[in-house]
Amino acid sequence: MKKIALNGAGLLVALFAAFPVYWMVATSLKPNREIFSATPRPVPAAPTLEHYREILTGNLIPGVTFVDFFLNSVLVAVATVLLSGFVALLAATAVARFRFRLRTTFLILLLVVQMIPLEALVIPLFLMIQRLGLYNQLPSLILTYLGFSLPFAVWMLRGFVAAVPKELEEAAAIDGASRAQTFRKVLFPLVAPGLVATSIFSFITAWNELIFALTFINDQDRYTLPVAMTFFFGRDDTAWGSVMAASTLFTLPVIVFFLLVQRRMVSGLVAGAVKG
């Protein structure tokens, strides 16, 4: 009975979490008359791809399509993932393998940074971006998201690097491997699951962020998808069919990315939990 109760509770939680996603997809397939019907149906009576055609073929603003915003988001998210993974791995290796002055202070600062509200950093970062000449440029978003994702990535990867026995690196050095070869052929394959786990966090951070994308970018053709989603909401009405269709397309890359790396992610989370 205990197992049945636990499985039943787990099923209820899963249904509760999955229902908004189902309703989003179902609404995106409904014609407008069904969406605004007085008695909404859980299943579309006459499924249609009209809303998907509208957002994929039409211009959200003159001369700019949904695909253009999508490509901007992909560029920013992929660049953030690659840079954060590379820099975090180097920093985590230094922290885990070397003893240097203020090492403990550095680790504490990584945690402190995570406690600062993002909203409190909008104005300081905006002024810094202006002084660097990056205002209205996509690299300004990449650098900002990189700064937000690095503390978590460094802290998490530190556990993976510390879990790799030093004897493996010493054995490689005895066999004649250089430091770069040891890092590339011994350390990197063993911490790859940790990189996958941190890349999920970095990708979602860059993919979903709205405030900084709206603040740092002025030209509408350089907006990312979260900003483009606001175009569907008018002062007097909202195109809910288009909102749900765009939200579905907005969610797909995250789901695909997670499905591609889910096995390594689970092993990475478990492997980095303990040292030894």
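Measuring with a 1.4 Å probe in the full set of protein chains, what accessible area per residue, in whole Å², belongs to the stretch 133-188? Spell out each step's value before the answer.
Values: 2860 Å² over 56 residues.
Normalised by residue count, the accessible surface of the stretch 133-188 is 51 Å².
Report the label-to-label distance for residue 98 and residue 166 in nanometres (one decimal), using points 7 Å from each Cα along the Cα→Cβ vector.
1.5 nm
Under a plain spin-label model, where a point goes 7 Å from the Cα along Cα-to-Cβ, how far apart in nm are residue 128 and residue 24?
Using points 7 Å along Cα→Cβ, the separation is 3.1 nm.
How large is log10 I(q)/I(0) at q = 0.14, 0.27 Å⁻¹ when the Debye formula is applied to the Cα atoms of the stretch 1-47, each weighted equally and without solvent?
For the stretch 1-47 at q = 0.14, 0.27 Å⁻¹, log10 I(q)/I(0) is -0.47, -0.90.
Does anyone have the angle between helix 188-208 and the longest principal axis of the chain? Alpha-carbon axes, 0 to 90°, nearest 10?
The angle comes out near 30 degrees.
Enter the accessible area per residue of the stretch 35-99 (Å², integer; probe 1.4 Å; all protein chains in place).
Details: 3550 Å² over 65 residues.
Per residue, the stretch 35-99 has 55 Å² of solvent-accessible surface.
Relative contact order of the stretch 62-272: what whole-number percent is it, with Cα pairs under 8 angstrom and at least 6 residues apart?
Working: 200 pairs, mean separation 70.5, N = 211.
Dividing the mean separation by the residue count of the stretch 62-272 yields 33 percent.
Leaving ligands, DNA and RNA out of it, report the carbon-plus-sulfur percent of the accessible area of the chain at a 1.4 Å probe. Please report the intermediate quantities before stating the final value.
Details: 11240 of 16290 Å².
Exposed carbon and sulfur together represent 69 percent of the surface.
State the extension gain, in nm to one decimal, for the chain segment bounded by residue 238 and residue 109, taking 0.36 nm per residue of separation less the distance between their alpha-carbons.
On the way: separation 129, 0.36 × 129 = 46.44 nm, distance 4.38 nm.
Contour length minus the Cα-Cα distance gives 42.1 nm.
Please give the contour-minus-distance gain from residue 71 to residue 119: 0.36 nm per residue of separation, less the Cα-Cα distance, rounded to one decimal in nm. Walk me through the numbers on the way to the answer.
Values: separation 48, 0.36 × 48 = 17.28 nm, distance 2.60 nm.
Using 0.36 nm per residue and subtracting the Cα-Cα distance, I get 14.7 nm.
Mind listing which trypsin sites (Lys or Arg not before Pro) in the stretch 84-181 are in a DSSP loop and have 12 or fewer other Cβ atoms within 10 Å? Before the final figure, lay out the partial values.
Working: sites: 97, 99, 101, 103, 131, 158, 166, 179; in loops: 99, 101.
Counting only loop positions with at most 12 other Cβ atoms within 10 Å, the trypsin sites (Lys or Arg not before Pro) in the stretch 84-181 are 99, 101.
Please compute the net charge surrounding residue 177, taking Lys and Arg as +1 and Asp and Glu as -1 over other residues with Cβ under 13 Å from its Cβ. Can you show the working numbers first?
Numbers: positive: 179, 184, 185; negative: 169, 170, 175.
That works out to 0.
At a Förster distance of 35 Å, what's the computed FRET efficiency of residue 14 paired with residue 50, Cβ-Cβ distance as r, to 0.05?
Details: r = 31 Å, r/R0 = 0.88.
Once the sixth-power term is evaluated, E becomes 0.70.
Please report, in debye to the nearest 20, how large the charge dipole of the chain is about its Cα centre when each Lys and Arg carries +1 at its beta carbon and each Asp and Glu carries -1 there. If you can, show how the numbers build up before the last one.
Numbers: 21 positive and 14 negative charges, 231 e Å.
Once rounded to the nearest 20, the dipole reads 1100 debye.
The values are calculated or read from the model by the stated rules, or taken from the named source; none is laboratory data. Every value quoted in this text rests on a predicted model; they were computed, and no experiment measured them. Glycine also receives a Cβ, built like all others from the backbone with ideal geometry; neighbour counts cover every protein chain displayed. Surface areas here come from the heavy atoms of the whole protein model, side chains and all, with no ligands, DNA or RNA. Shrake-Rupley method; radii C 1.70, N 1.55, O 1.52, S 1.80 Å.
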